[in-house]
Amino acid sequence: MIRTVLAISACKLTRLALRLLHRGGTALPGKVALRLCPDLLGRLGRDVQVLLVTGTNGKTTTARMLEQAFADAGLPCFANRSGSNLIQGITAEFAENATLTGRPKKKYAVIECDEAASKAVLGQLRPQVILVTNVFRDQLDRYGEITHTLESIYQGLSHVPEATLCLNADCSLTASLQRRLPNPVRFYGVNVPLYKDPVRELSDASHCLFCKTEYEYDLVTYGHLGSFRCPKCGYSRPLPQVAVTEVLEQTADGSRVRMLCDGAEALVHINLPAGYNIYNAVGAVAALTAMGFTLDAAVAAVGHFHCGFGRMEKFQLGSNPVRMILVKNPAGCNQVLNFLSSLDSPALFVICLNDNYADGTDVSWIYDVEFEKLLELGDRLTGVLVSGKRCWDMALRLKYAGIPKEKLQVIEDYDALIQAMARQSSPVIVMPTYTAMLDLRAKLSRVCGGKDFWE
Amino acid sequence: MELRICHLYPDVLNLYGDRGNIRCMVKRLEWRGLSAQVTELPIGETADFSQFDLFFIGGGQDFEQGVLLDDLRRSGKAASIRAAAADGKVFLAICGGYQMLGRSYTTWDGQGFDFIGAIDVHTQGGQQRMIGNYVFRCADESGGHEIVGFENHSGKTHLGSGVHPLGQVIRGYGNNGEDGTEGARWNNVFGTYSHGPVLPKNPGFCDMLLQTALDRKAPGWGILAPLEDTLENTAHANVAKFVLGTT
């Protein structure tokens with residue numbers, strides 16, 4: 001008990017000190033607290049109902065959708081908002097939500113958890129519902145092989161056999177978890193194509209996880225997602241209980257789709273554009289209904305949530321609308337290109353490539369992204385500005401993609417970059433990697449007027 | 001003049017932007033008014049290897065290795081690759097593909113696998129990953145260029161007799177982190193741990209491979225014209241600067 005009190009106090013004090021220094025750190029307070037009390041997360045999580053999201057892509061956006069439903073229902077809920085999704089950051093959020101004696105102030109939590117951290121986090125937390133979005137190739141310098149990522153998630157989930165799992169039926173890797181775990185499972189998926197003319201991409205999972213035979217597909221939505229089927233051992237896409245059955249409209253601001261949820265049909269507006277957010281929405285609906293929300297409440301939440309923090313976040317730079325879309329890996333980046341090519345309006349494209357630890361130190365993945373797709377935009381592409389620590393690698397990639405020299409400009413300084421964006425007469429799409437997003441977003445927010453990232 | 005490029009196993013050996021090497025070779029031929037024909041040979045497909053001038057093999061994940069070894073044996077590709085290498089055809093093999101061209105691989109816990117055996121190198125699995133940006137210099141016989149790249153491997157490769165290192169490590173691990181060598185050169189087979197992909201930022205190395213392939217296809221054909229490589233050289237220098245810590 002004394003240790004708990006000490007650890008919570010230390011955590012809160014460290015956090016306060018960082019705030020006073022105008023730093024938004026969430027990892028250090030948690031680290032201090034865990035040093036004092038290694039099982040603090042488990043203690044603090046005991047009386048909190050947790051909905052946890054893990055998987056490679058879509059965690060933050062999905063978590064915002066989930067949080068919206070709790071807010072709409074007036075349920076007191078906290079979340080790890082600032083993308084600090086390792087055990088230190090998650091512990092710090094729980095400590096922040098606790099009284100000094102360890103009692104929770106708010107009864108509900110929406111937690112996003114890094115795939116590699118899920119083993120440690122789920123060793124302590126006992127979520128009611130866990131949503132696994134997908135498993136894609138991601139920063140292999142950190143995670144190793146894609147099957148290792150899946151294995152980390154599996155090991156985490158094996159600690160919590162009572163949690164209801166919401167699994168992406170279209171991801172052969174994610175869906176396979178059901179075969180290995182005793183948990184109650186809800187599958188969700190997309191039954192129809194998401195894009196008219198998607199980029200050609202490599203599959204991150206072309207061969208059967210169980211017998212290594214090449215999968216056959218009735219439908220590929222993007223990447224390796226779709227109606228897969230192993231012709232040899234019969235492993236195939238499970239039938240989803242919650243599914244997108246029709247895409248009615250996709251615009252620059254959102255999508256309208258039809259969903260079928262446990263036999264009930266719903267028209268759903270998704271308050272964020274692009275096909276991959278349709279996946280996030282159907283996953284959120286599956287998780288929320290598993291958590292006990294009504295279908296109507298879940299549909300309302302995905303219809304009016306706001307994401308921010310670099311996920312399709314909008315800024316107004318003078319007369320220019322700017323959309324910032326965080327990219328972390330080839331799959332995510334290819335989906336942004338799909339989104340771009342579906343727009344009718346002209347656009348200036350900005351790419352900021354960093355190679356810090358959180359971005360992945362290996363920038364090779366830019367050659368697995370089909371930037372050649374930008375050529376199809378023709379005159380609608382007014383230019384490409386490149387920045388970030390590895391801007392020259394990015395510029396070279398675009399040269400080999402065939403982007404004309406006169407459309408390509410490297411601007412290393414972010415202030416100069418923002419000025420160049422403001423001078424444009426067309427909407428701007430900014431695609432930064434994680435740490436580039438943090439820096440650029442801070443500067444853009446100052447210019448446009450916005451919140452600090454921990455708020 | 002047309003170079004025929006064979007991309008071996010693009011379906012499974014494609015881990016780290018390896019396709020970028022193919023794009024780079026094709027573009028640098030096209031910019032000079034030459035052409036390239038790329039044939040992809042995935043698992044289950046075979047072809048007459050004598051028609052190709054240059055072979056590319058990328059890196060992959062362990063998960064697919066079993067499928068690959070099976071296909072190499074069953075489809076007869078292993079024998080075709082050995083024959084093409086002995087015949088002086090140009091090979092660029094990266095990371096897992098480089099290991100695969102070698103004789104054998106022993107995992108860190110002692111399991112042994114026979115690989116293609118096109119070149120006399122052996123790889124011993126390790127438990128520590130050798131990972132990061134690195135710089136090496138090619139031997140004069142392989143063009144003498146300074147190469148910047150990214151390596152990420154746990155296997156330690158040692159060269160047999162008759163196989164020369166592709167170059168010497170300036171900063172990083174290279175073949176095994178011990179003897180300062182990086183990559184392998186035997187006949188016209190070039191193996192390296194530099195994925196990334198290696199060619200766009202190292203245009204001299206790319207042109208040396210193309211020139212070698214052209215010389216073999218049509219002896220006395222001529223010399224590749226220089227290209228405007230400012231962006232390539234800037235990208236190279238930028239990486240070299242932060243890896244070597246000098247200006």
Practice problem: Evaluate segment A:344-364: report whether one residue or more is modelled with pLDDT under 90, over 22 Å from B:ASN152 (Cα atoms), of a type in the set (Phe, Trp, Tyr) and within 19 Å of the chain's Cα centre (by Cα). | Solution: no
Practice problem: Say whether the condition of being at pLDDT 95 or above and farther than 21 Å from B:ASP11 by Cβ is met by at least one residue in segment B:69-84. | Solution: yes
Practice problem: Would you tally the residues in segment B:72-87 being buried (at least 21 other Cβ atoms within 10 Å of the Cβ) and not small (Gly, Ala, Ser)? | Solution: 3
Quiz prompt | Test result for A:ASP296, within 14 Å of another protein chain (Cβ to nearest Cβ) and either surrounded by 19 or more Cβ atoms within 10 Å (Cβ to Cβ) or at pLDDT 95 or above (or both) | solution = no
Self-check item: Conditions (1) in contact with a Gly (Cβ under 6 Å, 6 or more places away or on another chain); (2) surrounded by fewer than 23 Cβ atoms within 10 Å (Cβ to Cβ); number of the one not met by A:GLY318
Solution: (1)
Quiz item: How many residues does segment A:233-261 contain that are free of Cβ contacts under 8 Å to residues at least 12 places away in the same chain and part of a strand (DSSP E or B)?
Solution: 2
Quiz item: Within segment A:53-83, which residues are polar (S, T, N, Q) and buried (at least 22 other Cβ atoms within 10 Å of the Cβ)?
Solution: A:THR54, A:THR56, A:ASN57, A:THR60, A:THR61, A:THR62, A:GLN68, A:ASN80
Self-check item: Selection status of A:ALA169, in contact with a Lys or Arg (Cβ under 8 Å, 6 or more places away or on another chain), on the phi < 0 side of the Ramachandran plot and not polar (S, T, N, Q)
Solution: yes
Quiz item: Within segment B:103-162, restricting attention to residues that are at positive phi and loosely packed, with under 15 Cβ neighbours inside 10 Å, which residue is farthest from the other protein chains (Cβ to nearest Cβ)?
Solution: B:GLY162
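Would you pick out the residues in segment B:141-173 that are of a type in the set (S, T, N, Q) and within 16 Å of the chain's Cα centre (by Cα)?
At the first step, the residues of segment B:141-173 found to be of a type in the set (S, T, N, Q) are B:142, B:152, B:154, B:157, B:161, B:168.
Listed by number, the residues that qualify are B:SER142, B:ASN152, B:THR157, B:GLN168.
In segment A:348-455, which helices (runs of 4 or more DSSP H) lie fully inside it and hold 3 or more residues that are without any contact (Cβ under 8 Å) to a residue 40 or more places away in the chain and more than 11 Å from chain B (Cβ to nearest Cβ)? Steps first, answer last, please.
Values: elements: A:391-401, A:414-423, A:434-448.
The helices (runs of 4 or more DSSP H) meeting that bar are A:414-423, A:434-448.
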Quiz item: Which one is nearest to B:GLY220 (Cα to Cα) among residues in segment B:1-16 that are surrounded by 18 or more Cβ atoms within 10 Å (Cβ to Cβ) and more than 13 Å from chain A (Cβ to nearest Cβ)?
Solution: B:LEU3
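Just for segment A:204-215: of the residues that are in a loop (DSSP other than H, G, I, E, B) and at the interface with chain B (Cβ under 8 Å from one of its Cβ atoms), which one is nearest to B:GLY60 (Cα to Cα)? First the steps, then the outcome.
Restricting attention to segment A:204-215, the residues satisfying the condition of being in a loop (DSSP other than H, G, I, E, B) are A:204-206, A:208-213, A:215.
Still in the running and at the interface with chain B (Cβ under 8 Å from one of its Cβ atoms): A:206, A:212.
On the way: A:SER206: 13, A:LYS212: 15 Å.
So the residue we want is A:SER206.
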Quiz item: Being at pLDDT below 95 and in a loop (DSSP other than H, G, I, E, B), is that true of even one residue in segment B:134-154?
Solution: yes
Quiz prompt | Number of positions in segment B:190-247 that are in a loop (DSSP other than H, G, I, E, B), surrounded by fewer than 19 Cβ atoms within 10 Å (Cβ to Cβ) and at negative phi | solution = 12
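Considering only strands (runs of 3 or more DSSP E) fully contained in segment B:17-101, which possess at least 1 residues that are touching a residue at least 40 places away in the same chain (Cβ under 8 Å) and within 14 Å of chain A (Cβ to nearest Cβ)?
Numbers: elements: B:35-41, B:54-57, B:90-94.
Hits in segment B:17-101: B:54-57, B:90-94.
What number of residues within segment A:146-181 satisfy the criterion of being within 14 Å of chain B (Cβ to nearest Cβ) and part of a helix (DSSP H, G or I)? Show your work before the answer.
Residues of segment A:146-181 within 14 Å of chain B (Cβ to nearest Cβ): A:146-151, A:172-173, A:176.
Cutting the leftovers down to part of a helix (DSSP H, G or I) gives us A:146-151, A:172-173.
The number of residues fulfilling the criteria is 8.
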Practice problem: Scan segment A:296-319 for residues that are out of contact with any strand residue (DSSP E or B) (no Cβ under 6 Å at 6 or more places or on another chain) and either in a loop (DSSP other than H, G, I, E, B) or among the polar types (S, T, N, Q) (or both) and report the count. | Solution: 7
Self-check item: Of residues in segment A:85-99 being surrounded by 21 or more Cβ atoms within 10 Å (Cβ to Cβ) and within 10 Å of A:PRO29 (Cβ to Cβ), the one farthest from the chain's Cα centre (by Cα)
Solution: A:ALA95
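Listed here are the residues, each with its yes/no results for (1) at pLDDT 95 or above; (2) outside the structural domain of A:ILE429 (by TED's automatic domain parsing); (3) crowded, with 22+ Cβ neighbours inside 10 Å.
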position	(1), (2), (3)
A:THR251	no, yes, no
A:SER255	no, yes, yes
A:ARG258	yes, yes, no
A:ASN271	no, yes, no
Practice problem: Could you please let me know if A:VAL447 is in contact with a helix residue (DSSP H, G or I) (Cβ under 7 Å, 6 or more places away or on another chain), farther than 21 Å from B:ASN202 by Cα and modelled with pLDDT of 90 or more? | Solution: no
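The values are calculated or read from the model by the stated rules, or taken from the named source; none is laboratory data. Note that the coordinates shown come from a computational prediction; the quantities given were computed from them, not determined experimentally. Quick reminder, even Gly has a Cβ in these numbers, built from the backbone with ideal geometry, and neighbours come from all protein chains shown.
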